[in-house]
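Heads up, the thing below is written out as structure tokens.
The values are calculated or read from the model by the stated rules, or taken from the named source; none is laboratory data. Remember, it's a predicted structure, so these values are computed and weren't measured experimentally. Here the Cβ is made from the backbone with ideal geometry for all residues, glycine too, and neighbour counts use every protein chain on show. The protein model used for the area step is the full one, side chains on, heavy atoms only, and it has no ligands, DNA or RNA in it. Shrake-Rupley method; radii C 1.70, N 1.55, O 1.52, S 1.80 Å.
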Amino acid sequence: MTISIHPHELPQLLDDWPGAKVLSLDCFDTLIWRDCHAPADIFACLPGISPAQRARAEQLARKAERLERGGNEVRIEAIYRALYPNGSDEQIELAIAAELAEEARHCFAFAPTVALMRDAKARGMQLVIVSDTYLDEAQLRQLIAASAGDEIAGLIDRIFCSSTYGKSKGAGLYADVLAKLKVVPGDIVHLGDNRAADVGGVEPFGVNAIHLTQFPQAIREQIRLESGIAAMVEGPAQDRLGAPQPHRAGLALALPQLDDPAEQLGAATLGPIFAGFEYWLQAEAKALAEKHGGTVHWLFLMRDGHLPQLVHQATPQGMANPGHAVELSRFTATAASLTDEKSVFAYAKAELGVRPQTLARQVLMEESEITALLGDLSPEQGNAALWKALRETPRRRRLARRSRDFAERLVAHIRRTVDPQRGDVLMLVDLGYNGSVQNRVDTLLASEFGVHVAGRYLLLREMDSPGLDKKGFVDARHYDAPALEALCANVAVIEQACTRDCGSVIGYEADGAPIRRANDIDPEQSEQREKMQRGALRFVREQADAILRVAEPRRLDLWRRGACAAMARLMFLPQMHELAVIDRFQHDVNLGTEKTVALFDPAIARRGLRERGLFYMRGSERMYLPAELAGQGAATRLALLATRRFGLSLTFADFSEATLPIPAVFATTQDASPQLVTAHATQDGWFMAAIPVGESRYAVALQFGAVCDYLQLVSAFFEDQADFLGQRSEGESGARIAATPEFDTLPEIAPGLYDCREEAGFMIVHPPASAEVGGKILTVVFRPVFTTKVNRVSALEAHRDAEELC
């Protein structure tokens, strides 16, 4: 029976074999791990050659070995001879040295395995490495010493390489190992991560073979998807490591020790993202101190700064300097910035068009004023009334005075929380994504306290260029604008994972104490979020102890790229078990209102795909659209990622090539006109027919009996042309008007299912009762079932094509 062990159990492994005399270890992914997803990712770093060339050379070398000697194991020299068929000995040696140097740079020793090795030596055991590798013993020992250190390499008594013996573990290498060791097989404990090689190839010799389970299946899938999505977000790696995943060791240690799905989600996704963010913040704080002098105060902006602060406090640096939780929101920062008439007027002019009550509260109108001014006015009327009111000089003066008072209270909040001294630095830490709070309070804080203000964000995509000291862990220095826009589109899932269980700040008392609105988030959501945060902290702690290496352990570029891939994977390819954790999450808008919306709703996506096909995704402004598309297949979500990441200008026709012509009659009280209506395929066999409704207020009769035997009708409605064309945001869209179809010789045989075998069967839709018909579209969404009428549809298409030619 195969024995499997998890990484955190390794230090105690030998307790079950007290009489063992030899500890035998696989090398790669058991003792020596890499910073990337797959071994071939190292090839992107090699000078002067491409990964494809290096991979092909290895294939050629192995093929030659099979043909000449019947084996499959080759040395690295043979690989480079195949790569450089005309190369000199010196060129081959230099190329091999370059590959070994890159391997050493991106390899490390897995700490639990090293603990096991030290335990074995303390027990007086012999320690050997048995590896399937194209390196020889000297090269592999050199790599172990260069990546893990001489002390760890010195623990190893002997090394057996498949390239030396011409056979792999699966092909019988362990017979040679036993012959060299001259030890009874039962006295050996062998450990490796490859079940086929390290168990199937070793256990038949009587050796105690243990399988190291690196990751649970869900994590193997996750990091595989991260590797793939990294290539889409940042492009193919050139002259740098492919698919960096410096968090693999932390995942391997943390995940098997967690049973709760929410904690697992936090450790697997939030952990790598915010560990990398913390390492970068520490480097930024050091740089700010060196540049500006004084004390660098870490100000975590609540509420989204809550998890970053927890992660910071879980590190040794954070234990010594835990930072400050300051309650600044876009609402309070903006309210404190409208301190003169000009700024009030400029802000209102820029923001007019949002809900007028929201804008009125933001410029600090009192509730009684808002009620008296806006009452029951429509949004359009309310915006007009508000604009007129804000053009009144006395009113703007009152509002500016309120803003100045508000700013004094905000300053009091910073003073009671931080109390910075002149010459210090306030490092604002937030998720991002435009730095709007900093835009509004930077000048205020700098002038009031005599400090330098610096914003440091997880993700930064500025909408303008205010010239402030802002940087992002992920920003325009590292990724292009479409990539940043794609990431920002789904950032709500990160926000909800980071926040804390309290309402958003909407003001301050005179002494600076925060005034918060009520917290309307379900307690179950708060409980799940706290579990996710505990999981993230577990990852941070495990990661800190997982790696032993000679090279710099926190190379920020690798952590940035790995964290970005983890973030993009969660945003665009969330897995069903992850969505089950957050399926009831609500998102609060946090603009001084109490509005909350569901984080995602799959029913809305299903409806959108039926009505528009993949084109629905192009203009959708859903909070977490990829989650709503879960269950629709990876192709759908990858299409969304590609469209957004590359800023593709695609039209409805690009997404819908299949069409279905339907005979129709357009009728008024005076006349009738036969035409062909073209329905476009959307998804899963559904079609959408969009029929403009003119001022003539005609009825539309669609002859479904001519094109299908059965019809499944999902919806028929009138909507504004601008909404149909995606020219409005979802918040600005007009109301749909439900159509009430009538059916002539199309009997309903089940709810929504109609028998169309009578060729003369029509579905008739009369114009809406509303007087405002012009500019509207009748949209009919249906699924036809074809049997005997397929040829008839082809004939209709041919007839239409002939008419167009004429």
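Search the range 649-671 for residues being at pLDDT 85 or above and of a type in the set (G, A, S), and hand back the single one that is surrounded by the fewest Cβ atoms within 10 Å (Cβ to Cβ). It comes out as A667. Remark: A249 matches the filter, which requires a residue to be over 17 Å from the mean Cα position of the chain (by Cα), of a type outside the set (S, T, N, Q) and within 20 Å of F28 (Cα to Cα). Residues in the range 432-455 that are outside any helix (DSSP H, G or I) and touching a strand residue (DSSP E or B) at 6+ places or on another chain (Cβ under 8 Å): G432, Y433, N434, G435, V451, H452, V453, A454, G455.
Please state which one of G293, G266, G228 is surrounded by 24 or more Cβ atoms within 10 Å (Cβ to Cβ) and not polar (S, T, N, Q). The match here is G266.
Checked against (1) closer than 25 Å to V411 by Cβ; (2) assigned to a strand (DSSP E or B), L458 passes all but a single condition, namely (1). Listed by first and then second residue, the pairs with beta-carbon distance under 8 Å, at least 6 apart or on different chains, first residue in the range 61-72 and aliphatic (A, V, I, L, M), second open to solvent by 50 Å² or more (accessible area, probe 1.4 Å), are A61/R81. In the range 461-490, of all residues being part of a loop (DSSP other than H, G, I, E, B) and touching a residue at least 40 places away in the same chain (Cβ under 8 Å), the one that is most open to solvent (accessible area, probe 1.4 Å) corresponds to H478.
Looking across the range 364-394, the residues that are open to solvent by less than 40 Å² (accessible area, probe 1.4 Å) and assigned to a helix (DSSP H, G or I) come down to E369, I370, L374, G382, N383, A385, L386, A389, L390. Checking the conditions here, which among A122, A171, A101, A146 is of a type outside the set (F, W, Y) and within 20 Å of Q59 (Cα to Cα)? Step by step, each of A122, A171, A101, A146 is checked, and only A171 is of a type outside the set (F, W, Y) and within 20 Å of Q59 (Cα to Cα). L60 fails exactly one of the following numbered conditions: (1) over 40 Å from the mean Cα position of the chain (by Cα); (2) aliphatic (A, V, I, L, M); (3) open to solvent by 30 Å² or more (accessible area, probe 1.4 Å). What is the number of that condition? Evaluating L60 over (1) over 40 Å from the mean Cα position of the chain (by Cα); (2) aliphatic (A, V, I, L, M); (3) open to solvent by 30 Å² or more (accessible area, probe 1.4 Å) leaves (1) as the failure.
Against the conditions (1) touching a Pro at 6+ places or on another chain (Cβ under 7 Å); (2) open to solvent by 20 Å² or more (accessible area, probe 1.4 Å), P356 satisfies every one except (2). Selection of the range 493-544 for residues being of a type in the set (D, E, K, R), assigned to a loop (DSSP other than H, G, I, E, B) and within 27 Å of L579 (Cβ to Cβ) yields R500, D501, D520, D522.
Per the listing A153, A109, A97, the residue uniquely open to solvent by less than 10 Å² (accessible area, probe 1.4 Å), within 42 Å of the chain's Cα centre (by Cα) and free of Cβ contacts under 8 Å to residues at least 24 places away in the same chain is A153. Among the residues examined, V74 qualifies as farther than 25 Å from D545 by Cβ, assigned to a loop (DSSP other than H, G, I, E, B) and open to solvent by less than 30 Å² (accessible area, probe 1.4 Å).
Yes/no matrix, rows are residues, columns are (1) at pLDDT 90 or above; (2) out of contact with any Lys or Arg (no Cβ under 7 Å at 6 or more places or on another chain):
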residue: S673; (1), (2): no, yes
residue: L676; (1), (2): yes, no
residue: A679; (1), (2): yes, yes
residue: W686; (1), (2): yes, no
residue: R697; (1), (2): no, yes
residue: V700; (1), (2): yes, yes
residue: Y710; (1), (2): yes, yes
residue: L713; (1), (2): yes, yes
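Looking only at residues of the range 597-616 that are open to solvent by less than 10 Å² (accessible area, probe 1.4 Å) and under 20 Å from the mean Cα position of the chain (by Cα), we find that the one that is modelled with the lowest pLDDT is A605.
On the stretch given as the range 198-222, residues that are outside any loop (DSSP other than H, G, I, E, B) and out of contact with any Asp or Glu (no Cβ under 6 Å at 6 or more places or on another chain) total 14. Taken over the range 303-317, the criterion of being surrounded by fewer than 23 Cβ atoms within 10 Å (Cβ to Cβ) and touching a Pro at 6+ places or on another chain (Cβ under 9 Å) is satisfied by Q313 alone. Only helices (runs of 4 or more DSSP H) whose full extent lies in the range 240-323 are considered here, and the ones with at least 1 residues that are basic (K, R) and in contact (Cβ under 8 Å) with a residue 12 or more places away in the chain are 248-254. State whether the residues of the range 123-134 include one that is in a helix (DSSP H, G or I), out of contact with any Asp or Glu (no Cβ under 8 Å at 6 or more places or on another chain), modelled with pLDDT of 95 or more and not β-branched (V, I, T). Looking for residues that are in a helix (DSSP H, G or I), out of contact with any Asp or Glu (no Cβ under 8 Å at 6 or more places or on another chain), modelled with pLDDT of 95 or more and not β-branched (V, I, T), one finds none in the range 123-134, hence no.
Restricting the range 691-711 to residues that are under 24 Å from E748 (Cβ atoms) and in a strand (DSSP E or B), the residue that is most open to solvent (accessible area, probe 1.4 Å) is Y710. Within the range 1-26, the set of residues being surrounded by fewer than 17 Cβ atoms within 10 Å (Cβ to Cβ), over 16 Å from F110 (Cα atoms) and touching a helix residue (DSSP H, G or I) at 6+ places or on another chain (Cβ under 6 Å) comprises T2 only. Residues that are among the charged types (D, E, K, R) and closer than 12 Å to E226 by Cα within the range 238-255 comprise just one, R248.
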